[in-house]
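The values are calculated or read from the model by the stated rules, or taken from the named source; none is laboratory data. Quick caveat, the model's predicted, so the values are computed rather than measured. Don't worry about glycine lacking a Cβ; one is built from the backbone with ideal geometry, like all the others, and counts go over all protein chains shown. Side chains included, ligands, DNA and RNA excluded: accessible areas come from the protein's heavy atoms. Shrake-Rupley method; radii C 1.70, N 1.55, O 1.52, S 1.80 Å.
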Amino acid sequence: MDQNQHLDKTAEAQSSENKKTRHCNGLKMFLAALALSFIAKALGAVVMKSSIIHIERRFEISSSLVGFIDGSFEIGNLLVIVFVSYFGSKLHRPKLIGIGCFIMGIGGVLTALPHFFMGYYRYSKEINIDSSENSTSTLSTCLSNQIVSHNRTSPEIVGKGCVKESGSYMWMYVFMGNMLRGIGETPIVPLGLSYMDDFAKEGYSSLYLGILNAIAMIGPIIGFTLGSLFSKMYVDIGSVDLSTVRITPNDSRWVGAWWLNFLVSGLFSIISSIPFFFLPQTPNKPQKERKASLSLPVLETNDGKSQTANLTSRGKNITKNVTGFFRSFKSILTNPLYVVFVLLTVLQISSYIGGFTYVFKYVEQEYGQPSSKTNVLLGIVTLPIFASGMFLGGYIIKKFKLNPIGIAKFSFFTAVMSLFFYLLYFFILCENKSVAGLTMTYDGNNPVTSHRDVPLSYCNSDCNCDESQWEPVCGNNGITYISPCLAGCKSSSGNKKSIVFHNCSCLEVTGLQNRNYSAHLGECPRSDACITKFYFFVAIQVLNLFFSALGGTSYFMLMVKIVQPELKSLALGFHSMVIRALGGILAPIYFGALIDTTCMKWSSNSCGTRGSCRIYNSTLFSKVYLGLSSVLRVSSLVLYIILIYAMKKKFQEKDTNASENGSVMDEANLESLNNNKHFVPSAGADSETHY
C-alpha cells in the first residue's frame, strides 16, 4: 500500500514537473515568435518613415498630405484596437496575432503596387525620359530662351498632359496599404503583452518587455540599412536608361526606389505570421490536448435540447461580455491617474512621432545630407544605443524593484534628460541657404525680406525665363540659382550630370574678378562648418534617443500599475488608440502643415497645380520643427509633475486607511481577549488533555 502511494506521488511529481517544463517551453516559443513579429512591426514603421520624402516627391504632394498618408496606419489601427484588446484576450491570442501579421504583410505589398502602374517619373517639366536626346538640349539658357518662349506648351497639350498625370492619385493605394498595415499590427502589442504578463513568472514581465523591445530594434536597423541602399537607387531602376538621368541623390527632386522597401517588409511580415498558427492558446496545454478537450462536450451532446441550451448560454455570454466591456471602459475613464498618464504620453509621443516623420527632410534641408546617409547614421549608430536604453530601463525597474511612484519618477527623469539634449539642437543650426531669387536678389548682392515675387535683375531681365522652372545650378560664387536662365548663363558644355554653364551674367556682379563666370548643375553644397555641425547633431541624437529609450519600458509598466489587474489589457488598448488618434494621425499632419509654410519654391505639374516643395527656408524650417516638438515635451513634463503628486497623495491615503484599519482590528482583538480571558485556562486544559 505504502509502495503504491509512493509510486502515485512520484508520478504526480513527474507530471507536475512535465507541466512546468511544457509551460516554460510554450512561453519561450511564444516569446520567440512575438520577438519576430516585433521586428516585422518595427521594420514596417521605419520603412514608411524613411520612404516619406520619396513618396512626397513621386506623387507630387505636400508634406501635410504625406503626413495624412502616414497617419492612415493609425486610422486602420483605430478601427479595431479597442475590440481586439477586449475580446481578443478571450479568444486564441497567438492565432489572432498571426492573422494580424499576415494582413500587415499584405498591406506592405499593396503599398508598393502603384509603382508598377504609374508612368516614368518626370523630375522636370522639360525632360522626356523616353527620349534618347542629349539631356542638355532641354535645359534653357539665356540665349536659347527666346526660342523656348515661342514653343511653350499650349493649353490643349497641358490638358492632355494633365490626364496622363492622373496617376498621381494613386497615392490612395499607398494610403489603403498603410491602413491595412495598421489593422494587421493591432493585435501584436495588446494581446502579446497581456499573454506574456499572464503566463510569465512574477517580476519577469518588465525584463521580458525590455528584451522584446531591444530585439525589436533589429527591425529599424534592417529598415534603415535597406532605406539607405534603396534611396540611392533611382525610382525607375530597371525600366529606364540610368545614363540619361541627370539628377543625383543630393538633388531635391531625386526619388529613390521606395517601393522595394515595402516589398521586402511586406514579405517579412507574412513570414513572421507563420509560427503563431502552431502555438496553443495557453502555454501549459498542447494544441492536441486543447482540441480534444474542446471536442468532448460536442461528443457528449446527444439531443437537441443540449445544443439549444448551449446556444442560449452563448448568447447570454455575448451580452454579458458587451455589458462588461462598457462597465470596464467606464472604470478606466474615471481613473484620474490613468487619464493624466494618457494625456502626458499623448504630448510626449506626438513629439516623437512628428519629429521622426520629418527627420530625413530636416537633415536634408538643414545640413544638406541626402536621406541615404541619414538612414545609415540613424540605423547603424543611434539604434544600438536606443536598444541598449530599452533593455537597461527594464532591468533597472526589476533590479531596484521600483514601486509605481518610483517608476513615475524614473520616467520623469529620463524625459527631462531627453528634453535637455533635444534643446541643444538649437545651438548647432546652419545659416540659411543662399539662393538668388529666394533669399537674396538675383545679382547676389543683397538679401531679401520675402521669397515671394522677387524682382528680376538687369542681369537676367532680358532672358525671358520661365520663373516656375526648377533646374538649380551652383555658381562659382557659392550662390544657388533657380535655373541656368535666371543665372544669365549664355552657353553650356558637357552632358548628363557633368553639365557646366558659362558666361553667366548674374555672376559677374557679385565681385568675382579674373574668373570664369560659370555654374554647374545642382544646388551648392553646404559649407564644411555646417557639415561638422551635422556630426554634432548625430552625437546629440544618440544621447537624446538613449534617455528616451531608457524611459520607454516604464510607460507600459506604469500603465498596468495604475489600473486594476483585470483591466490592464483594455487600458493598454485604449491608450494605444488615443496615442494613434491624437499622435499617430494628427502629429504628422500638423507638423507637415507647419513645415509647408516654410517652403520657398513649389513644383508644379502639367495641370498647373502645386506639387511638392523643392526648397525650404532652412532657418525657419528648423525653428518650426524643433520648436513645436520642444513645446510638446515641456507640456508633458508639467503633467508628469501632476501625476507624481497625485500618485503620492493616493498611496499615502491608502497607507493611512490601512494603518487605521489595522489599529481598529488590534483594539477589537484586544477587547475580545479581555472579555473572554476566563475561557483560556479551560481551553488550555482541554488542549493538554487532548494532547
Checklist entry - Across region 230-244, what is the total count of residues that are among the hydrophobic types (A, V, I, L, M, F, W, C) and touching a residue at least 60 places away in the same chain (Cβ under 8 Å)? => result 2
Checklist entry - Just to be sure, is residue 421 at pLDDT below 95, of a type in the set (Phe, Trp, Tyr), under 14 Å from residue 548 (Cβ atoms) and open to solvent by less than 50 Å² (accessible area, probe 1.4 Å)? => result no
Checklist entry - Only one residue in 47, 80 is out of contact with any Leu (no Cβ under 6 Å at 6 or more places or on another chain) and under 18 Å from residue 226 (Cβ atoms), so which one is that? => result 47
Item to check | Residues (open to solvent by 50 Å² or more (accessible area, probe 1.4 Å) and not in a strand (DSSP E or B)) located in region 469-495 | outcome: 490, 495
Checklist entry - Only one of these conditions is not met by residue 450: (1) touching a residue at least 12 places away in the same chain (Cβ under 8 Å); (2) open to solvent by 40 Å² or more (accessible area, probe 1.4 Å); (3) assigned to a loop (DSSP other than H, G, I, E, B). Which number is it? => result (1)
Next on the checklist: Among the residues of region 614-643, what is the count of those that are open to solvent by less than 50 Å² (accessible area, probe 1.4 Å) and assigned to a helix (DSSP H, G or I)?
Outcome noted: 19
Checklist entry - Which fully enclosed helices (runs of 4 or more DSSP H) of region 52-122 have 1 or more residues being surrounded by 20 or more Cβ atoms within 10 Å (Cβ to Cβ), on the phi < 0 side of the Ramachandran plot and in contact with a Ser or Thr (Cβ under 7 Å, 6 or more places away or on another chain)? => result 63-87, 93-112
Checklist entry - Any idea which of 628, 572 is touching a Pro at 6+ places or on another chain (Cβ under 7 Å) and among the aliphatic types (A, V, I, L, M)? => result 572
Item to check | Some residue of region 380-400 being modelled with pLDDT under 90, in a loop (DSSP other than H, G, I, E, B) and surrounded by fewer than 17 Cβ atoms within 10 Å (Cβ to Cβ) | outcome: yes
Checklist entry - Right, residue 350: in contact with an Asp or Glu (Cβ under 9 Å, 6 or more places away or on another chain), modelled with pLDDT of 85 or more and crowded, with 23+ Cβ neighbours inside 10 Å or not? => result no
Item to check | Answer from 514, 460, 445 - the residue that is modelled with pLDDT under 90, part of a loop (DSSP other than H, G, I, E, B), touching a Leu at 6+ places or on another chain (Cβ under 8 Å) and of a type in the set (S, T, N, Q) | outcome: 460
Item to check | Of all residues making up region 224-254, the number that are in a loop (DSSP other than H, G, I, E, B), open to solvent by 50 Å² or more (accessible area, probe 1.4 Å) and modelled with pLDDT of 90 or more | outcome: 1
Item to check | Any chance residue 432 is over 33 Å from the mean Cα position of the chain (by Cα), assigned to a loop (DSSP other than H, G, I, E, B) and either among the β-branched types (Val, Ile, Thr) or surrounded by fewer than 21 Cβ atoms within 10 Å (Cβ to Cβ) (or both) | outcome: no
Checklist outcome for this item: The residue from 519, 529, 593, 571 that alone is surrounded by fewer than 21 Cβ atoms within 10 Å (Cβ to Cβ) and either closer than 30 Å to residue 390 by Cα or more than 23 Å from the chain's Cα centre (by Cα) (or both) is 529
Checklist entry - Which of (1) in a helix (DSSP H, G or I); (2) hydroxyl-bearing (Ser, Thr, Tyr); (3) over 17 Å from residue 35 (Cα atoms) does residue 195 not meet, given it meets every other one? => result (3)
Checklist entry - within 25 Å of the chain's Cα centre (by Cα), of a type in the set (Ser, Thr, Tyr) and modelled with pLDDT of 55 or more - does that describe any residue in region 320-341? => result yes
Checklist entry - Give me the pairs: first residue in region 183-210 and modelled with pLDDT under 70, second residue surrounded by fewer than 21 Cβ atoms within 10 Å (Cβ to Cβ), beta-carbon distance under 6 Å, and six or more apart or on different chains, which are they? => result 200/208
